[in-house]
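Values in this text are rule-based calculations from the coordinates and carry no lab data. What you see is a predicted model; the values in this text were computed from it and never measured. Neighbour counts are summed over all protein chains in view; Cβ atoms, including those assigned to glycine, are modelled from backbone coordinates with ideal geometry.
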Amino acid sequence: MKKILLTCLVLLGLVVLAVAIFVVTFDVDRYRPMLARRLQEAIHRPVTLERLSLNWRGGIAVQVQGLRISDEASAGPEPVIQLESASALVRPLPLLRKEVQVASLVLRRPRIRIARDAQGRIDLLGLAAAASPALSAIPPGTGQAGAVSSRPTSVGDAVVSFNIASFRIEDGTLHWSDATTQPPSELWLKRLDVTVRNIALGRPMDVALAGALAADAPNLRLSGRFTTPSPSRAGSLEQANLMIEGLPLERILPPARPGEPQLQGKLTVNVHGSVATLDPSQLARAISGEGGLGLAEARIANLNVLRAVFERFSMLPGLVEALQARLPPAYQAKLAESDTVFEPIDLALRVEEGSLRFEDMRVRSDTFELIGTGYLGLDGNVDIRSTLRIEPTLSAAIFRSVEELRTLANASGELEIPLAIQGQAPRVAVLPDLRYVASRIVVTTAVDLIGQLLRKDTPEAGGEAGSDQAEGSPDDILGQLLKKAIRRGNPSDAPPSSH
């Protein structure tokens with residue numbers, strides 16, 4: 001029995017030695033031109049391969065170096081994908097059974113480009129090429145735990161089956177360019193590391209991703225169970241956890257024209273959810289989840305919210321100029337500032353139907369607070385309904401400067417104005433509810449005027465009434481006020497709920 005066991009071990013050693021000698025001496029690089037040609041015929045793009053090699057690293061390591069797939073339609077020099085090397089570690093013993101078991105497949109320093117042209121068409125060839133080594137040769141099937149097994153495949157005169165355990169991307173770069181914006185926008189995801197386990201087409205696979213999104217240090221983490229698209233289903237992402245920290249907004253939002261408002265700050269997002277389908281036409285609306293959103297160093301450049309609100313008070317022409325002239329110097333300076341700076345923002349959010357929804361939004365600056373609800377669409381559409389409340393000290397100064405605005409004070413002495421923030425990012429507008437404002441000012445002014453007229457009709461008023469009559473009768477003055485109110489519609493006398 002010992003002799004038999006010893007003989008088996010010797011034979012096994014000889015087999016391993018023979019495989020090692022074969023790996024060292026076999027010139028696999030002679031197949032490189034054929035492989036490049038076949039790949040080029042399959043994707044209809046120019047393909048470059050610098051070298052193919054075999055090594056021994058606890059198994060047979062097949063390595064591809066200097067892969068580059070170009071885009072003839074693009075005028076720029078950037079390829080759709082370029083990688084330093086791709087290596088597959090093949091277990092030697094299963095080769096005797098004509099079964100290729102790949103312990104790991106690794107892409108090192110891939111550089112992938114995804115582009116959307118001016119017509120809105122998205123080129124995903126670079127992304128598909130990065131994923132295809134792990135997926136393209138694996139028809140749906142079942143295999144051992146932690147791997148995927150394929151149906152038999154012909155390679156020359158031999159029939160083999162494939163089995164891949166894990167797939168990794170190390171230190172990759174993903175470049176997104178979008179020609180639908182003016183000027184065209186770009187976004188970079190660097191230091192990209194991806195690990196995929198339990199690989200199986202049509203089944204959930206464990207995916208973990210980390211990288212530096214629009215930043216130099218890693219600030220993005222994503223994990224979940226990913227099901228690849230197939231002819232019978234569009235694929236999905238389940239049990240997803242997304243964490244983004246310190247992402248500069250100005251690097252991911254569409255570029256603004258000179259002088260246009262632009263939201264700035266460092267974004268933090270923590271969301272748990274899923275993507276029901278990976279169909280590109282339905283992707284945005286298929287995302288659902290909930291979590292939190294934070295924004296540090298928040299600022300709206302090129303927009304003073306307070307001044308923008310007062311400038312829309314058409315019923316009080318010259319209001320901003322009056323405030324600039326009458327307010328204390330410190331508040332005059334605040335009204336003259338070009339930007340609006342906010343305190344750190346922390347909001348609960350829900351993701352559904354292609355938008356980020358905020359049910360209890362509270363945003364503060366040093367002079368006002370916005371309270372309300374609304375949504376920010378993934379397509380850039382913004383619709384927020386809120387109430388603006390100016391802090392009591394500034395409100396009192398405004399009332400002393402422009403008495404008509406005192407009618408907008410709430411029970412706490414704050415100037416309170418219902419408003420909406422609407423538009424397509426980055427071009428959004430701050431729209432106060434002018435019908436509500438006009439109704440409060442007109443009604444209060446009419447009541448005060450009637451009181452003055454009644455007092456002037458008393459005997460003690462003497463000749464003052466006659467002096468007013470010379471300027472116009474009470475009926476005419478009141479009629480003018482009412483006509484103005486009617487022309488502005490029939491506004492509500494109560495502001496919308498501020499929640």
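Tabulated results
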| read-out | value |
| --- | --- |
| Net charge contributed by nearby residues that have their C-beta within less than 14 Å of Pro261 (K/R +1, D/E -1) | -1 |
| Relative exposure of His44, His272, judged by other C-beta atoms within 10 Å (fewest first) | His44, His272 |
